[in-house]
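Here the structure is laid out as structure tokens; the discussion comes afterwards.
The values are calculated or read from the model by the stated rules, or taken from the named source; none is laboratory data. Quantities reported herein were computed from a predicted structural model and do not represent experimental measurements. When we count neighbours, we look across all protein chains shown, and the Cβ atoms used for this are built from the backbone with ideal geometry, even at glycine. Keep in mind that these areas ignore ligands, DNA and RNA; they rest on the heavy atoms of the full protein, side chains included. Shrake-Rupley method; radii C 1.70, N 1.55, O 1.52, S 1.80 Å.
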Protein chains: 2
Amino acid sequence: MGIERRPLREQIREELLLRLDRGDFAAGTDINEAALAAELGVSRTPLREALITLAGEGVLESNQGRGFRFAPVSRKEFRELCEIVAALETLALRLSDPAYLRRVAPELLALARGFPDAVAERQVIERHDDEWHDLLLSGCPNERLLDLITSVKAGMRRYTHLLAGDDAPLERAAAEHCRIAEHLAEGDLPAAAEALRDNWVNGMERMLSRIPAP
Amino acid sequence: MGIERRPLREQIREELLLRLDRGDFAAGTDINEAALAAELGVSRTPLREALITLAGEGVLESNQGRGFRFAPVSRKEFRELCEIVAALETLALRLSDPAYLRRVAPELLALARGFPDAVAERQVIERHDDEWHDLLLSGCPNERLLDLITSVKAGMRRYTHLLAGDDAPLERAAAEHCRIAEHLAEGDLPAAAEALRDNWVNGMERMLSRIPAP
DNA sequence: ACTAAGAATTCTGCATACAAAATATTACAT
DNA sequence: ATGTAATATTTTGTATGCAGAATTCTTAGT
């Protein structure tokens, strides 16, 4: 039975991202290292290591002498992140083997169709969406690109909890996922890539109004 | 007189990248934290923080229990990185204001033309190339994208020293830069973006043969 | 001489300690 | 009451300490 043998900093990073999804931290909030470390039951050292990693991913900001804080959210930044992820994911799709994509298309379609039925809590649905995109890109041979996408998406997690309580956006996303899967089933990769970009642009539009004005 | 007031971890990170450019570290080499910290005249704490940052950028790898090491180089990874940066830079160019680009085109052209004349050492030339690309993208309003490009390029620094002693690739790069600048001067942004992608693809080809086989 | 077990050493990962910077509080003058 | 200077407190940034894992060295046995 494999006991947990991973660096504390990684576990801490994931725990913080999870709490971020839950909306535990307001954007712009300062982090008190000692208090947070005590709450997590670890020392400041691995906590700081996790904070530095998250700062590198854009989740946190750091200012000399005054520590870390959750980076403030803004429509501008969210738009920027969507532009980036859209470009990276379409690149990943274009680099994938068309035959492989056609093979996983049915599974992608099934997942997308079973999407709104799942009456799970929002947090589970978010994870579900991530897994769908992961499967979509699982055939991309560019490993560095996949890592980078994961990292950039971590920077977007500050925004996910803003969708709380509204299912409409998720249903529309599911419909778009179906469209993408159908294009893949037909072997029309360019159309799928275009639909994927639309998915990000639309998702961005749906979110923008929920982001508080600066 | 503003004295140096930045976190040690950032200064350490830059120093390590500089030494990497000089070819001080062989790919795959394990890092001895205590020895390196002593050499740099700092304690292990900020050094480790810098190492964690570099690991996040792909410069280093970390394995539980056996610390950090410089990630091994490979043709596959270099190709992957080039694909990524090419996509990101062309995106940045497409997002830029065409009027601004036309305005800086002359400066870009002049810099590119003065390129091979500079008989400076290779390391300076590399930095020169970086600055040219920075200027090219300086009109991109997507700040997150610019940060991301910088970060991904840090991950490519493990490869730059492999160009040591050969000016031919740099001269060809200069010619390509001229081409890009000329397209911008004409206001033909799509052509410039295409030339920029070619620049990365060609640069990749030039480099590939120099990367030792795995 | 080669292998394997085990001891000794080295090194990492995490915790704690300390100094300096930033922030909060108090005292006082206006 | 308000602003300000002096002081106390908090908090970060860096250094040091320590336990355990990984590695190297030693040596006994074949």
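What pairs can you find where one residue is in the range B:79-105 and open to solvent by 60 Å² or more (accessible area, probe 1.4 Å), the other is in a helix (DSSP H, G or I), and their Cβ atoms are less than 6 Å apart, with a gap of 6+ or different chains? Correct list of pairs: B:Arg94/B:Ala193; B:Pro98/B:Leu189. For the range A:7-25, the condition holds for at least one residue, the condition being that it is more than 16 Å from DNA strand C (Cβ to nearest atom), of a type in the set (A, V, I, L, M, F, W, C) and open to solvent by 10 Å² or more (accessible area, probe 1.4 Å). Within the range B:166-199, the set of residues being under 29 Å from B:Ala71 (Cα atoms), modelled with pLDDT of 95 or more and open to solvent by less than 40 Å² (accessible area, probe 1.4 Å) comprises B:Leu196, B:Asn199.
Out of the range B:59-80, which residues are assigned to a loop (DSSP other than H, G, I, E, B), within 16 Å of DNA strand C (Cβ to nearest atom) and in contact with a Phe, Trp or Tyr (Cβ under 8 Å, 6 or more places away or on another chain)?
Restricting attention to the range B:59-80, the residues satisfying the condition of being assigned to a loop (DSSP other than H, G, I, E, B) are B:59, B:64-66, B:71-74.
Right, trim to within 16 Å of DNA strand C (Cβ to nearest atom) and you get B:59, B:64-66, B:71.
B:Val59, the sole residue that qualifies.
Scoring B:Leu40 on the criteria (1) touching a residue at least 40 places away in the same chain (Cβ under 8 Å); (2) open to solvent by less than 50 Å² (accessible area, probe 1.4 Å) leaves a single failure, condition (1).
Just checking, does the range B:150-165 include any residue being touching a Phe, Trp or Tyr at 6+ places or on another chain (Cβ under 9 Å), modelled with pLDDT under 95 and away from chain A (no Cβ under 14 Å)? The answer is no; no qualifying residue exists.
Being facing chain B (nearest Cβ under 9 Å) and in a helix (DSSP H, G or I) is true for just one of A:Glu107, A:Glu89, A:Glu83. Which residue is that?
On the way: A:Glu107 fails: facing chain B (nearest Cβ under 9 Å); A:Glu89 fails: facing chain B (nearest Cβ under 9 Å).
Answer to the check: A:Glu83.
Being hydrophobic (A, V, I, L, M, F, W, C) and within 13 Å of chain A (Cβ to nearest Cβ) is the filter here, so list the residues in the range B:70-80 that pass it. Steps first, answer last, please.
Start the filter on the range B:70-80 by keeping residues that are hydrophobic (A, V, I, L, M, F, W, C), which leaves B:70-71, B:73, B:78.
Hits for the range B:70-80 are B:Ala71, B:Val73, B:Phe78.
Going by the structure shown, is B:Gly203 assigned to a helix (DSSP H, G or I) and in contact with a Pro (Cβ under 8 Å, 6 or more places away or on another chain)?
On the way: assigned to a helix (DSSP H, G or I): yes; in contact with a Pro (Cβ under 8 Å, 6 or more places away or on another chain): yes.
Yes: the conditions hold for B:Gly203.
Across the range A:35-54, not a single residue is classified as of a type in the set (Val, Ile, Thr), modelled with pLDDT of 95 or more, away from DNA strand C (no atom under 12 Å from the Cβ) and in contact with a Gly (Cβ under 7 Å, 6 or more places away or on another chain).
The rows are residues; the columns are (1) touching a Ser or Thr at 6+ places or on another chain (Cβ under 9 Å); (2) acidic (Asp, Glu); (3) modelled with pLDDT of 95 or more.
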{"site": "B:Arg69", "(1), (2), (3)": "yes, no, yes"}
{"site": "B:Glu83", "(1), (2), (3)": "no, yes, yes"}
{"site": "B:Glu89", "(1), (2), (3)": "no, yes, yes"}
{"site": "B:Leu101", "(1), (2), (3)": "no, no, yes"}
{"site": "B:Gly114", "(1), (2), (3)": "no, no, no"}
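Among the residues making up the range B:142-186, those that are in contact (Cβ under 8 Å) with a residue 24 or more places away in the chain, more than 30 Å from A:Gly155 (Cβ to Cβ) and of a type in the set (D, E, K, R) are B:Asp167, B:Glu171, B:Arg172, B:Glu176, B:Glu182.
Of all residues in the range A:59-69, which are near DNA strand D (Cβ under 10 Å from one of its atoms), more than 9 Å from chain B (Cβ to nearest Cβ) and free of Cβ contacts under 8 Å to residues at least 12 places away in the same chain? Explain how you work it out, then say what you get.
Filtering the range A:59-69 for residues near DNA strand D (Cβ under 10 Å from one of its atoms) gives A:62-69.
Applying the additional criterion that residues be more than 9 Å from chain B (Cβ to nearest Cβ) yields A:63, A:66-69.
The answer is A:Asn63, and nothing else.
Of the helices (runs of 4 or more DSSP H) lying entirely inside the range B:1-58, those containing at least 2 residues that are within 14 Å of chain A (Cβ to nearest Cβ) and among the β-branched types (Val, Ile, Thr) are B:44-56.
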